[in-house]
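A.B. asks: Pasting a structure below so you can have a look.
The values are calculated or read from the model by the stated rules, or taken from the named source; none is laboratory data. These figures come from a predicted structure and were not determined experimentally. All Cβ positions, glycine included, derive from the backbone under ideal geometry; neighbour counts span all protein chains shown. Please note that ligands, DNA and RNA were not included when accessible areas were found on the heavy atoms of the full protein model with its side chains. Shrake-Rupley method; radii C 1.70, N 1.55, O 1.52, S 1.80 Å.
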Amino acid sequence: SRGYQLLCEQHGEPDLKILTGDQVYLDTPLVLPMGAASVRRRISRNYSRTWDKLGYFLSHGANICASDDHEWWNDYPNRPPLLTNLPGLRGRDTRQEWDTTAREFIAKVQLAEPVVTFDIGEDLTFFVADTRINREPAPPEGWVGEPPKFMKESDFESLIAWIEGLRSPGVLVIGQPLLAKGGNPLDRCMPDFPVQYAQLCQALAVASHDVAVLSGDVHFGRVAQIEIARRDRERPTRLFEVISSPMALVSLFHGKLGLAKGEFSADI
């Protein structure tokens with residue numbers, strides 16, 4: 001908040017801040033089995049302590065919040081693995097109570113919605129897509145049914161329709177980076193949802209206007225630009241991705257190891 005206050009004094013308050021998830025870390029440092037009253041007290045205190053320290057930041061300039069996994073627990077909605085700091089969330093009772101209470105606080109404190117859209121005149125259009133709040137858990141190994149989704153189908157259809165109907169440059173806000181590799185079973189990301197991820201990438205690739213993607217989650221900052229050649233026009237489609245994540249690190253090691261690479265892997 002102090003750093004933000006200095007920025008406001010130098011440049012004035014922003015009209016809007018978009019917070020892309022992990023506004024609280026409910027799952028650190030340890031979660032043991034507990035009853036309903038203890039769950040509510042733990043989550044309430046966590047919000048109180050975190051948001052009190054962010055008071056100036058949150059109260060100067062409007063906010064739009066989208067959730068990510070630590071509004072619940074790491075890699076939500078998947079059951080935590082055996083050897084983690086979350087033994088209490090492996091049991092169904094505590095996990096369900098935690099899920100319900102965390103969801104209540106997201107609604108009442110963050111006022112987060114699965115989808116938020118708005119325009120700035122005819123110059124710019126925004127789509128804030130919460131890719132965590134209705135995310136489906138990973139299926140068991142050997143599953144042969146439909147792959148999981150990171151958004152409810154009706155919300156995802158509205159996202160694709162927004163891209164296809166662009167009449168100006170667009171800003172897409174998602175909780176995790178678009179330009180990423182999947183395959184981490186302990187912390188799943190966008191490519192781990194192959195059907196919706198592919199549809200989203202295909203829609204962006206043929207968008208009629210440039211799109212900037214704003215994202216968080218990964219504990220480093222990055223600005224990237226890619227160009228996609230088009231058959232139907234001379235100018236390529238340009239996609240920009242800006243990662244700003246997060247306001248605080250959760251590990252001492254991130255200072256040296258949690259840095260954005262200067263180039264992408266060939267398979268992204």
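A.B. asks: Would you please name the residue that is most open to solvent (accessible area, probe 1.4 Å), looking only at residues in the stretch 27-40 that are within 23 Å of ALA66 (Cα to Cα) and modelled with pLDDT of 95 or more? Reasoning before the result, please.
C.D. replies: Of the stretch 27-40, the ones within 23 Å of ALA66 (Cα to Cα) are 27-29, 39-40.
Still in the list and also modelled with pLDDT of 95 or more: 39-40.
On the way: VAL39: 0, ARG40: 102 Å².
Out of the qualifying residues, it is ARG40.
A.B. asks: Quick test of your reading of the structure: THR237 fulfils all but one of (1) over 30 Å from PHE57 (Cα atoms); (2) surrounded by fewer than 17 Cβ atoms within 10 Å (Cβ to Cβ); (3) more than 18 Å from the chain's Cα centre (by Cα). Name the failing condition by number.
C.D. replies: Tallying (1) over 30 Å from PHE57 (Cα atoms); (2) surrounded by fewer than 17 Cβ atoms within 10 Å (Cβ to Cβ); (3) more than 18 Å from the chain's Cα centre (by Cα), THR237 fails exactly one: (2).
A.B. asks: I've got another one for you. Keeping to the stretch 209-229, report how many residues are loosely packed, with under 15 Cβ neighbours inside 10 Å and either free of Cβ contacts under 8 Å to residues at least 24 places away in the same chain or under 15 Å from ILE163 (Cβ atoms) (or both). Outline the logic, then answer.
C.D. replies: Kept after step one, since they are loosely packed, with under 15 Cβ neighbours inside 10 Å, are these residues of the stretch 209-229: 209, 221, 223, 225, 227-229.
Keeping just the survivors that are either free of Cβ contacts under 8 Å to residues at least 24 places away in the same chain or under 15 Å from ILE163 (Cβ atoms) (or both) gives 209, 223, 225, 227-229.
Adding up the residues that qualify gives 6.
A.B. asks: Given the structure, is TYR4 surrounded by fewer than 20 Cβ atoms within 10 Å (Cβ to Cβ), under 18 Å from the mean Cα position of the chain (by Cα), among the hydroxyl-bearing types (Ser, Thr, Tyr) and modelled with pLDDT under 95?
C.D. replies: Details: surrounded by fewer than 20 Cβ atoms within 10 Å (Cβ to Cβ): yes; under 18 Å from the mean Cα position of the chain (by Cα): no; among the hydroxyl-bearing types (Ser, Thr, Tyr): yes; modelled with pLDDT under 95: yes.
Against the criterion (surrounded by fewer than 20 Cβ atoms within 10 Å (Cβ to Cβ), under 18 Å from the mean Cα position of the chain (by Cα), among the hydroxyl-bearing types (Ser, Thr, Tyr) and modelled with pLDDT under 95), TYR4 does not qualify.
A.B. asks: Please work out which residue is farthest from PHE57 (Cα to Cα), limiting yourself to the stretch 89-110 and to residues that are polar (S, T, N, Q) and open to solvent by 40 Å² or more (accessible area, probe 1.4 Å).
C.D. replies: Per the criteria, the residue is GLN96.
A.B. asks: Of the numbered conditions (1) more than 29 Å from LEU159 (Cβ to Cβ); (2) open to solvent by 90 Å² or more (accessible area, probe 1.4 Å); (3) of a type outside the set (Gly, Ala, Ser), GLU122 satisfies every one except a single condition; which is it?
C.D. replies: Failed condition: (1).
A.B. asks: Of the residues that make up the stretch 135-146, is at least one out of contact with any Cys (no Cβ under 6 Å at 6 or more places or on another chain), among the aromatic types (Phe, Trp, Tyr) and at pLDDT 95 or above? Spell out how you get there, then give the answer.
C.D. replies: Within the stretch 135-146, the subset out of contact with any Cys (no Cβ under 6 Å at 6 or more places or on another chain) is 135-146.
Now drop any that are not among the aromatic types (Phe, Trp, Tyr), which leaves 143.
Still in the list and also at pLDDT 95 or above: none.
The answer is no, given that none of the residues of the stretch 135-146 is out of contact with any Cys (no Cβ under 6 Å at 6 or more places or on another chain), among the aromatic types (Phe, Trp, Tyr) and at pLDDT 95 or above.
A.B. asks: Related question: Name the residues in the stretch 132-155 that are in contact with a Phe, Trp or Tyr (Cβ under 9 Å, 6 or more places away or on another chain) and either of a type in the set (Asp, Glu) or more than 18 Å from PRO77 (Cα to Cα) (or both), would you?
C.D. replies: GLU136, the sole residue that qualifies.
A.B. asks: Collect the residues in the stretch 154-191 that are under 16 Å from ASP130 (Cα atoms) and of a type in the set (D, E, K, R), keeping them in residue-number order.
C.D. replies: ASP155, GLU157, ARG188
A.B. asks: Here's another thing I want to ask about it. Would you confirm whether any residue within the stretch 189-208 is under 16 Å from the mean Cα position of the chain (by Cα) and either surrounded by fewer than 16 Cβ atoms within 10 Å (Cβ to Cβ) or within 24 Å of LYS17 (Cβ to Cβ) (or both)?
C.D. replies: Looking only at the stretch 189-208, we keep the residues that are under 16 Å from the mean Cα position of the chain (by Cα), and these are 189-193, 196-197, 200.
Going one step further and asking which of them are either surrounded by fewer than 16 Cβ atoms within 10 Å (Cβ to Cβ) or within 24 Å of LYS17 (Cβ to Cβ) (or both), we end up with 189-190.
Scanning the stretch 189-208 turns up at least one residue that is under 16 Å from the mean Cα position of the chain (by Cα) and either surrounded by fewer than 16 Cβ atoms within 10 Å (Cβ to Cβ) or within 24 Å of LYS17 (Cβ to Cβ) (or both).
A.B. asks: Where in the stretch 1-108 are there helices (runs of 4 or more DSSP H), lying wholly inside it, with at least 3 residues that are more than 24 Å from GLU136 (Cβ to Cβ) and of a type in the set (Gly, Ala, Ser)? Even if it seems obvious, please write down each step before you answer.
C.D. replies: Working: elements: 2-11, 36-53, 55-59, 92-105.
Counting at least 3 such residues, we get 36-53.
A.B. asks: Looking at the stretch 18-26, can you tell me whether even one residue there is touching a residue at least 40 places away in the same chain (Cβ under 8 Å) and loosely packed, with under 15 Cβ neighbours inside 10 Å? Please lay out each step first, then the result.
C.D. replies: The first filter runs over the stretch 18-26 and keeps only residues touching a residue at least 40 places away in the same chain (Cβ under 8 Å), leaving 18-26.
With loosely packed, with under 15 Cβ neighbours inside 10 Å added as a condition, the list becomes none.
For the stretch 18-26, residues touching a residue at least 40 places away in the same chain (Cβ under 8 Å) and loosely packed, with under 15 Cβ neighbours inside 10 Å: absent.
A.B. asks: Shifting gears a bit: In the stretch 132-175, what count of residues is obtained for those that are closer than 26 Å to HIS209 by Cβ, assigned to a loop (DSSP other than H, G, I, E, B) and polar (S, T, N, Q)?
C.D. replies: Matching residues across the stretch 132-175 total 1.
A.B. asks: Filter the stretch 142-154 down to the residues that are surrounded by fewer than 19 Cβ atoms within 10 Å (Cβ to Cβ) and either under 18 Å from the mean Cα position of the chain (by Cα) or without any contact (Cβ under 8 Å) to a residue 40 or more places away in the chain (or both) and list them by number.
C.D. replies: Here is the first cut: in the stretch 142-154, the ones surrounded by fewer than 19 Cβ atoms within 10 Å (Cβ to Cβ) are 142-147, 149, 152-154.
Residues satisfying the conditions are GLY142, TRP143, VAL144, GLY145, LYS149, LYS152, GLU153, SER154.
A.B. asks: Now for a separate question. Does the stretch 165-179 contain at least one residue that is open to solvent by 60 Å² or more (accessible area, probe 1.4 Å) and of a type in the set (Lys, Arg)? Let's see the steps before the verdict.
C.D. replies: Our first condition is that a residue be open to solvent by 60 Å² or more (accessible area, probe 1.4 Å); within the stretch 165-179, this holds for 167.
Remaining after also requiring of a type in the set (Lys, Arg): 167.
Checking the stretch 165-179: at least one residue is open to solvent by 60 Å² or more (accessible area, probe 1.4 Å) and of a type in the set (Lys, Arg).
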